Amino acid sequence: MTGQPAGHFTFDGKSVPLRPGQSLAAALTEAGLRSFRQTAKGATRGIFCGMGVCQDCLVTVNGAPNRRACMTPAVAGQDIRTQVPFPDLATAPNPQPAAPARVIAPDLLIVGGGAGGLSAAIAARRAGASVTILDERKVGGGQYFKQSAVSGPLDAQQSAGADLLAQALAAGAELIGEVEIWGAFDGLLFLAEHKGAALIARPRAAIIATGAYERPEIRPGWTLPGVMTTGAAQTLWRSYRTLPGKRVALVGSGPLNLQVGLELAQGGAEVVMIAERGPAPWLRPIAAAALALSGPALAWTGLRSLADLRKRGVPVRHGAALDRIDAAEGALRVTLMGDLSPVIADAVLMNAGFDPQNEILRLLGAEAIYDPAFGHLRITRDDTCATTVPGLYAVGDCAGLGGAPAAMAEGRIAGRAAAAALGFGDGYDTFADQRQLGRARRFQRHLWALHDVAPRLPDVPDDTLICRCEEIDAGQIRAGLGEKPGHAGTLKRATRVGMGRCQGRYCGPVAARLVAAATGTPVQDRSYFAPRVPIKPVAISAILAAEEALKDAP
Amino acid sequence: MMQSKADVVVIGGGIAGLMTAMYLAEDGADVLLLEAGELGAQASGANAGSIHLQIQYPEFVAYGEAWARAYAPCLRLLTSSLTLWQGLSDRVGEDLQVKLAGGLVVARTETQMQAIAAKAHIEAEAGVETIVLNRSDLRDIAPYLAEDAIGAGYCAREGKANPLRATPAIAAAAERAGAVIHRHTRVIAIEAEGGGYTVVTDKGRVQAGRVVNAAGAAAGQIAGMLGLTLGIDGFPLQVTVTEPMAATIPHLIYSAAGKLSLKQVANGGLVIGGGWPAARRGDGLVTDPRSLTGNMGMAAGVVPSVAGVRALRSWTAWVNGTPDWRPILGEAPGLPGFFLALFPWVGFSAGPMTARITADLVMGRPPTLPLKGISVLAD
Ligand SMILES: Cc1cc2nc3c(=O)[nH]c(=O)nc-3n(C[C@H](O)[C@H](O)[C@H](O)COP(=O)(O)OP(=O)(O)OC[C@H]3O[C@@H](n4cnc5c(N)ncnc54)[C@H](O)[C@@H]3O)c2cc1C
Ligand SMILES: Cc1cc2nc3c(=O)[nH]c(=O)nc-3n(C[C@H](O)[C@H](O)[C@H](O)COP(=O)(O)OP(=O)(O)OC[C@H]3O[C@@H](n4cnc5c(N)ncnc54)[C@H](O)[C@@H]3O)c2cc1C
Ligand code: FES
C-alpha cells in the first residue's frame, strides 16, 4: 500500500512480497493469504489477536516450527510454511543461545512500555532511580500510542507516543524491546527471552504495565481465518500500513470499533458494516451528555468519528449483535442476530471489550477482585498503585480497564511512589495526578455506559468452539459442566479447556463465568484458571539459557 | 443433607480412595466416599502419568543396595498393579490412554551402567526383568536419545496413562457400582466408639463400621485424629508439559544423571517431571525457577531435541511420601476397622493394586497379594 517491496519470501513455495519493517502476518495478509496453520482437527487458522496473545498465527520459519507470524519480522529470502499441528521432534532445531545470559538489577523494573509504563519510567527516573523497561514488542508505545514499524508519516496519537518514548529515554531509562517474559517468581525475579538469549531481572521494585487484550465475540465462525480482533487490524494498519482486507465488517461493542472503522475507511478499505451492541447515543441522551461533560475533548473525538463514518456512507448499526460468520465465496458471510440480509466481507473485526493482561501480577500473588461491570479482575491497589505484594505495583489497563489517560496518571503516581520507597526523592504531592486520574476514570465509566460489554455466557450451538487452542466446543464444555465442577480448574481438567498454548486467555474468563453460573456462586478472584509458568510458550533452550545465571544469583 | 450411616467410609477422592470405593461397591458394600475438595484434584490428577515399575535410579544411588533390597518386594505390588492398569480402560469403559511401551534409564558413564546392572539384579530377584542395553541396542529402539548415551536399563512393562482421564472415569465407575461420593466434604475429626467410628465432617456426622484413610499427602492428619502417628508426609513437586510434537517417543525416559521422567502423551505433548520440588507460598505452591531449569536441563541432556520445543505450562502438587518409599497398607494397629491405603511417591502406578488390596482387607478377605515385606504394617 505504501512503499515498494523490499524483497520476497516464500510461503509454501509461493513468492510473497514484503516491505521493510512488516511482520510476517502483515505481509501475508497483504498478499491475501489468511490461513497460516492447520489445527489438530484439520481446521485452518490465521492472525487473530495481532499482539502475540492468541498463539493462533503460527508458521514454520526456515524450518523452525510454531513461530508467531504477528511477532516475527518478514525478511527477504525466508522460507515460510503452513504450520502443521504436530511438527517433527527430530527436526526441531537445537538452538544455541545467541549470547550469554544477561542479568540486570535496576532499582525499578517496568514491564510494558506503553502509556502507563513510559509515564512511570519518566517519573521514577527523574526522581533518581535507575529504570529498565522491558517490552515484548520491538517498538515501545503500547496499544494506544501504537508506533509505526514502517516508514511513513505519523498520526497525532503516534506523535504523542513518540514524544513520550523520547522523554523516557532522555530521562535515562533503558528500554529493551523484543523481550518475552515467561516467568515471574517470588522475591521479584523475572525470567525472559531476548533475541534467543536469556534475560534475568532482579529489580528492587517492579511496576507491571502490560495493558489489556481484546475480548472477542464468541460466536459460530469466530475462529475462521480472516476473523480477527479489531486491535489486530489496527496494528496491521497503524504499524504496518497493511489493510486487513478490502471489504471489512466490524462487530462487538465499544469505541475502538468506531475508531478503527474510520481509520480503515480513511486508509481505503470498504467498511461494509459496523455493528454495535449498544444503542445509538442519540437514544441515550443523558448518558451521552454525561460522557460529554466528563471529558469534552475525548467525547468530541468519539462523536466526530460517528459523523465521519456517516459522511463516508459506512453503515453503523446500533443495537446489533453478531449471530454467526460463515466462509462463503472465498470470503466471509456475516449474519447479525435476527437479520435476514448478511453482508460479505474479506475480514471481520471483533472487539467486545477488553481483558487485563494480569498474568504476571497474579503469578506473583497479587490479590484482585472481580469487577462485574467490566467482567474482569481488578488488581487490589492502594492509592500509590502498590499491589498486595511488597515492592510490586500495577498501572494501566493490566490492573483493570482505565484507558490511556488514566494509565499515564497512574504511571506518574506509581513511578514516584516506587522511587520514593527505594529512597529516591521524597514527599511527593500527587494531588494533580490524582485529580486527573479521577477525571479519566469518570470518563471511562460514562464511556462504557454507552456501550454493551457486559460479560456474557456463550449462548452458542454445541459445535461452536470455546477454547481455540484445544478445540473444545460448547457441547464438550456443557458435558463437563454436567459433572458439576466446583471450580474452573476442575472444568479444565475434565475437558482440557484452557490447556492450550494461549493458557486460557480467551476461554478462561468464559469458563469462570460458566462455572459460577452453574454452581450459583459469584465470580471472584479464585474463579479463574491459576496463571502458570511459563506465561507465554517458551523454548526449553531459552529456559536452559537462564540456568547458569540463576545458579550464581543469591 | 448427608447420610448419617454407611458400612464403609472412604476418606479421600484420589485414585486410591476412588478405586477402593469402586471395588467395595462392586463387592456389595455400602460405601460413602468423602472428599474435601474436588475428585482427583490433588496428586492423582496432577501427577505426571508415569506407570513406574523399576526401582527409581536416583534413590537407588542415594540410598544404596540395602535400601533397594528392602524396597524390592514392593515391585511385586507394582507388577500386579500394572496388570490391573492394562485392563482398566475396559473395566471403566473409557480410554485411559494406557501405553506400556517400556521405560529406559539412560546412562552416559560406565559407573552409571554398573549401577543400572546392580539395580537390575535386585529387580530380577523381585521378579521384574530389567534388561541392560548397550549403546547400539539402545540406539535401535530409541534413536531420539542423545549421541553420548552409552546404554540403558530397559524395563519393558513400564509406561504411561492419562491421570486427567483416570480419576473421573474411576469415580464414574464407582458411582455406577453404587458408591456414594460427597465432594466438598472435609473430614475434621474421627471418633472411635462401640466398635465403629463416627466420622465428623464440615457437612455433618457419619457412622461407619469401617473407615479407609486414603487421604494421600494429608493421611497423617487423618490418622492423627485417632491418635495414630504415621510416617507419611506431603512434599511439593512440579511438572512441565510442552507443545504437541509428532509422535516420536514411545518410552518412559529416565536419566542416570539425576531426577527425570519424560514421556510423550497421547496429544503429542512431552510431560517432563521426575520429582523436582516446587516452591511454597503461604499454604500454596508455585513453580520453582531452579527446579524448572534443572528439570529441563536433565531432559535436554537425554533427548537433545527437546531444547527446540516450547514449554507450555508447569504445575505443582503435593505428593505423599514416606522416608523409606514403602507403602502403609492394611488395618491400623490398635484401631480395628480403620484401614490405611497409602502408597507413596508412585501412588498413581500403584493405585489400582493399593485399592484392590484395601478392598480385600475391608471385606475381611485375605489380600490378593500377601503384604509381608511390602507394607510397613506387615513386617
Ligand atoms: C489492541 C488494542 C487497541 C487499542 N486501541 C486503542 C485506541 O485506538 N484508542 C484508545 O483510546 N485506546 C485504545 N486501546 C486502549 C488503550 O490502548 C489502553 O487503554 C492504553 O494503552 C493503556 O495503557 P497501558 O500502559 O496500560 O497499556 P499499553 O499501552 O497497551 O502498554 C502495554 C505494553 O506492555 C507490553 N507487554 C504486554 N505484556 C508483556 C509481557 N508479558 N512482557 C513484556 N511486555 C509486555 C505491550 O507490548 C505494550 O507495549 C487499545 C487497546 C488494545 C488492547
Ligand atoms: C507432581 C506429581 C507428579 C507425580 N508423578 C507420578 C507419576 O508419574 N507416576 C506415579 O505413579 N505417581 C506419581 N506421583 C505420585 C502419585 O500421584 C500419588 O502418589 C498418588 O496420586 C496418590 O494417590 P492418593 O489417592 O493416595 O492421594 P491423592 O490423590 O492426593 O488423594 C487424596 C485425597 O484426599 C483428600 N483429602 C485430604 N484430606 C482430606 C480430609 N480431611 N477430608 C476429606 N478428604 C481429604 C484430598 O483432597 C485428595 O483429593 C506424582 C505426584 C505429584 C504430586
Ligand atoms: S495473531 Fe499472532 S499471537 Fe495472536
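The values are calculated or read from the model by the stated rules, or taken from the named source; none is laboratory data. Owing to the predicted nature of the structure, the values given are computational and were not obtained by experimental measurement. Glycine also receives a Cβ, built like all others from the backbone with ideal geometry; neighbour counts cover every protein chain displayed.
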A:Gly141 meets each of (1) modelled with pLDDT of 95 or more; (2) under 30 Å from A:Ala406 (Cβ atoms) with one exception, condition (1)
Tell me, which strands (runs of 3 or more DSSP E) wholly within region A:168-263 include 1 or more residues that are of a type outside the set (Ser, Thr, Tyr) and surrounded by 22 or more Cβ atoms within 10 Å (Cβ to Cβ)? A:179-185, A:189-194, A:197-201, A:205-208, A:212-214, A:227-229, A:247-252
In region A:423-435, is there at least one residue being of a type in the set (Asp, Glu), in contact (Cβ under 8 Å) with a residue 24 or more places away in the chain and either assigned to a helix (DSSP H, G or I) or surrounded by fewer than 18 Cβ atoms within 10 Å (Cβ to Cβ) (or both)? yes
Inspect all residues belonging to region A:86-108 and state whether any of them is in contact (Cβ under 8 Å) with a residue 24 or more places away in the chain and within 26 Å of A:Gly221 (Cβ to Cβ). yes
So which residues in region B:82-114 are closer than 15 Å to B:Cys155 by Cα and either part of a helix (DSSP H, G or I) or hydroxyl-bearing (Ser, Thr, Tyr) (or both)? B:Leu82, B:Thr83, B:Met113
Test A:Phe86 against the stated conditions and say whether it is within 10 Å of another protein chain (Cβ to nearest Cβ) and not in a strand (DSSP E or B). yes
Do the conditions hold for A:Ala149, that is, is it of a type in the set (A, V, I, L, M) and either closer than 30 Å to A:Pro5 by Cα or surrounded by fewer than 24 Cβ atoms within 10 Å (Cβ to Cβ) (or both)? yes
From the options B:Leu371, B:Leu361, residue that is away from ligand 2 (no atom under 15 Å from the Cβ), in contact (Cβ under 8 Å) with a residue 40 or more places away in the chain and either assigned to a strand (DSSP E or B) or over 28 Å from A:Cys502 (Cβ atoms) (or both): B:Leu371
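Considering each of A:Ile369, A:Ile360 in turn, give the residue that is touching a Lys or Arg at 6+ places or on another chain (Cβ under 8 Å) and among the hydrophobic types (A, V, I, L, M, F, W, C).
Result of the check over A:Ile369, A:Ile360: A:Ile369.
Take A:Ile110 and decide whether it is at pLDDT 95 or above, within 16 Å of ligand 1 (Cβ to nearest atom) and surrounded by fewer than 20 Cβ atoms within 10 Å (Cβ to Cβ).
Against the criterion (at pLDDT 95 or above, within 16 Å of ligand 1 (Cβ to nearest atom) and surrounded by fewer than 20 Cβ atoms within 10 Å (Cβ to Cβ)), A:Ile110 does not qualify.
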Step by step: first the residues of region B:97-142, then only those that are touching a strand residue (DSSP E or B) at 6+ places or on another chain (Cβ under 9 Å) and among the small types (Gly, Ala, Ser), then the one that is surrounded by the most Cβ atoms within 10 Å (Cβ to Cβ). Which residue is that? B:Ala107
Filter result for the condition that a residue is more than 16 Å from ligand 1 (Cβ to nearest atom) and either part of a strand (DSSP E or B) or in contact with an Asp or Glu (Cβ under 9 Å, 6 or more places away or on another chain) (or both), over A:Ala120, A:Ala129: A:Ala129
Looking at (1) closer than 26 Å to B:Ala218 by Cα; (2) touching a Leu at 6+ places or on another chain (Cβ under 8 Å), which one does B:Gln56 not meet, given that it meets all the others? (2)
Surrounded by fewer than 20 Cβ atoms within 10 Å (Cβ to Cβ), modelled with pLDDT of 95 or more, within 14 Å of chain A (Cβ to nearest Cβ) and under 26 Å from the mean Cα position of the chain (by Cα): is that true of B:Arg165 in this structure? no
Counting only residues that are modelled with pLDDT of 90 or more, assigned to a loop (DSSP other than H, G, I, E, B) and more than 13 Å from A:Leu514 (Cβ to Cβ), region A:448-498 contains a total of 9
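Being touching a strand residue (DSSP E or B) at 6+ places or on another chain (Cβ under 8 Å), more than 14 Å from chain B (Cβ to nearest Cβ), charged (D, E, K, R) and within 30 Å of B:Ala247 (Cα to Cα) narrows it down to one residue among A:Arg81, A:Arg67, A:Arg102; which is it? Spell out the reasoning first.
Details: A:Arg67 fails: more than 14 Å from chain B (Cβ to nearest Cβ); A:Arg102 fails: within 30 Å of B:Ala247 (Cα to Cα).
A:Arg81 is the lone residue from the list that is touching a strand residue (DSSP E or B) at 6+ places or on another chain (Cβ under 8 Å), more than 14 Å from chain B (Cβ to nearest Cβ), charged (D, E, K, R) and within 30 Å of B:Ala247 (Cα to Cα).
I'd like the residue in region A:49-65 that is in a strand (DSSP E or B) and away from ligand 3 (no atom under 11 Å from the Cβ) and, out of all such residues, is surrounded by the fewest Cβ atoms within 10 Å (Cβ to Cβ). Let's see the steps before the verdict.
Within region A:49-65, the subset in a strand (DSSP E or B) is A:58-61, A:64-65.
Next cut, away from ligand 3 (no atom under 11 Å from the Cβ) only: A:60-61, A:64-65.
On the way: A:Thr60: 20, A:Val61: 21, A:Ala64: 16, A:Pro65: 25.
Filtering region A:49-65 for residues that are in a strand (DSSP E or B) and away from ligand 3 (no atom under 11 Å from the Cβ), the one surrounded by the fewest Cβ atoms within 10 Å (Cβ to Cβ) comes out as A:Ala64.
Restricting the search to region A:474-483, which residues are more than 14 Å from chain B (Cβ to nearest Cβ) and surrounded by fewer than 19 Cβ atoms within 10 Å (Cβ to Cβ)? Explain how you work it out, then say what you get.
Residues of region A:474-483 more than 14 Å from chain B (Cβ to nearest Cβ): A:474-475, A:477-478.
Of everything in region A:474-483, those that are more than 14 Å from chain B (Cβ to nearest Cβ) and surrounded by fewer than 19 Cβ atoms within 10 Å (Cβ to Cβ) turn out to be A:Gly475, A:Arg478.
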Members of region B:239-259 found to be more than 13 Å from chain A (Cβ to nearest Cβ) and of a type in the set (A, V, I, L, M, F, W, C), listed by number: B:Leu252, B:Ala256, B:Ala257
Filtering region A:18-40 down to residues that are under 15 Å from A:Arg501 (Cβ atoms) and surrounded by fewer than 22 Cβ atoms within 10 Å (Cβ to Cβ), which residue is farthest from ligand 3 (Cβ to nearest atom)? A:Ala40
Checking B:Gly273 against (1) surrounded by fewer than 20 Cβ atoms within 10 Å (Cβ to Cβ); (2) closer than 22 Å to A:Ala545 by Cα; (3) of a type in the set (Gly, Ala, Ser): exactly one of these is not met. Which one? (1)
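Against the definition (assigned to a strand (DSSP E or B), at negative phi and surrounded by fewer than 16 Cβ atoms within 10 Å (Cβ to Cβ)), how does A:Ala373 come out, yes or no? Break it down stepwise before answering.
On the way: assigned to a strand (DSSP E or B): no; at negative phi: yes; surrounded by fewer than 16 Cβ atoms within 10 Å (Cβ to Cβ): yes.
Answer is no for this residue.
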So which residues in region A:30-61 are within 16 Å of ligand 1 (Cβ to nearest atom) and either touching a residue at least 60 places away in the same chain (Cβ under 8 Å) or within 14 Å of another protein chain (Cβ to nearest Cβ) (or both)? A:Ile47, A:Phe48, A:Cys49, A:Gly50, A:Met51, A:Gly52, A:Val53, A:Cys54, A:Gln55, A:Asp56
Reported set for region B:273-307 where residues are in contact (Cβ under 8 Å) with a residue 60 or more places away in the chain, in contact with a strand residue (DSSP E or B) (Cβ under 8 Å, 6 or more places away or on another chain) and either within 11 Å of chain A (Cβ to nearest Cβ) or of a type in the set (A, V, I, L, M) (or both) is B:Gly301, B:Val302, B:Val303, B:Val306
Tell me, which residue of region A:532-554 that is surrounded by fewer than 19 Cβ atoms within 10 Å (Cβ to Cβ) and more than 8 Å from chain B (Cβ to nearest Cβ) is modelled with the lowest pLDDT? A:Pro554
